[in-house]
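This report refers to the structure that appears directly beneath it.
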Amino acid sequence: MPTVIEGRHVAPEGRFAIVVARWNELVTERLLEGAIATLRRHGVDEDRVTVVRVPGSFEIPLAAQRLASSGKFAAVVCLGAVVKGETTHDEYINSQVAGGIARAGETSGVPVAFGVLTCLTMEQALDRAGGKAGNKGEEAVLAALELCSVLEQIDALD
Ligand code: DLZ
């Protein structure tokens, strides 16, 4: 029989950090509400949660990297909303943000979840921030909890 490792949505001990971009605040505050509510549902009270606000999504990776490598947090959840405008600005932001968030997790060894929307319209973004397509802030927290559980099990292997 193979050894199968699957994560569970069980919160580990310790503190959680949420990095949230202020740009498109109407959307990102809803993502934040979803993230905090999901942590609470999994037994993480607000006194174990640190929210770090940054100007825009472009600034998320550096803050996430600093938080993740501080050794103070069990996981970091990144929330933002990039909405396509009249220029290609969004493409430059998106390419930096996704890679930067991934690197923050890889270099620190701490789960860093990607809850940054990359949408064509504000309607699409609102749909994904508690509207008809769910709340990606919630999903990012669930992904972080699952990865915490996976890494714990990997660390416990003989
Ligand atoms: C400048 C900018 C633009 C045009 N659009 C967005 C966006 O849709 N979502 C977002 O999170 N941030 C945006 N920003 C701001 C950049 O992320 C960044 O804060 C600025 O370029 C300053 O570095």
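The values are calculated or read from the model by the stated rules, or taken from the named source; none is laboratory data. All figures in this text were calculated on a predicted structure; none of them were measured in a lab. Note that we place each Cβ from the backbone using ideal geometry, even for glycine, and neighbour counts take in every protein chain shown. For the accessible areas, the whole protein counts, side chains as well, though only heavy atoms, and no ligand, DNA or RNA atoms are used. Shrake-Rupley method; radii C 1.70, N 1.55, O 1.52, S 1.80 Å.
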Query - Sulfur and carbon atoms: percent of accessible area, segment 50-122 [1.4 Å] - result: 57
Query raised in the report: Which aspartates and glutamates have a Cα less than 18 Å from the Cα of LYS72, not counting those fewer than 8 places away in the same chain?
Result: GLU13, ASP45, GLU46, ASP47, GLU106, GLU152
Query raised in the report: Between LYS132 and ILE5, 0.36 nm times their residue separation minus their Cα-Cα distance comes to what?
Result: 42.5 nm
Report summary line: With every protein chain kept in place and a 1.4 Å probe, segment 69-150 has an accessible area per residue in Å² of 47
Query raised in the report: Where does the chain land at 222 nm, in deg cm²/dmol rounded to the nearest 500, when only DSSP H runs of n ≥ 4 count, each adding -39500 (n - 2.57), divided by all residues?
Result: -15000 deg cm²/dmol
Report summary line: Net charge near GLY56 (other residues with Cβ under 15 Å of its Cβ; Lys, Arg +1; Asp, Glu -1) is -2
Report summary line: Taking every other residue with Cβ under 15 Å from the Cβ of SER149 and scoring Lys and Arg +1, Asp and Glu -1, one gets -4
Report task. List the aspartates and glutamates whose Cα lies under 17 Å from the Cα of LYS136, skipping any in the same chain that are fewer than 8 positions away. Result -> GLU25, GLU29, GLU33, GLU123, ASP127, GLU146
Report task. Net charge near LEU67: determine it from the other residues with C-beta under 13 Å of the C-beta of LEU67, scoring Lys and Arg +1 and Asp and Glu -1. Result -> +3
Report task. Any chance you could run the full-extension gain for ASP45 through TYR92? It's 0.36 nm times the residue separation minus the Cα-Cα distance, nm to one decimal. Result -> 13.3 nm
Requested in this report: Figure the gain on full extension for THR107 and LEU26 (residue separation times 0.36 nm, minus the Cα-Cα span) and round it to one decimal in nm.
Outcome: 26.0 nm
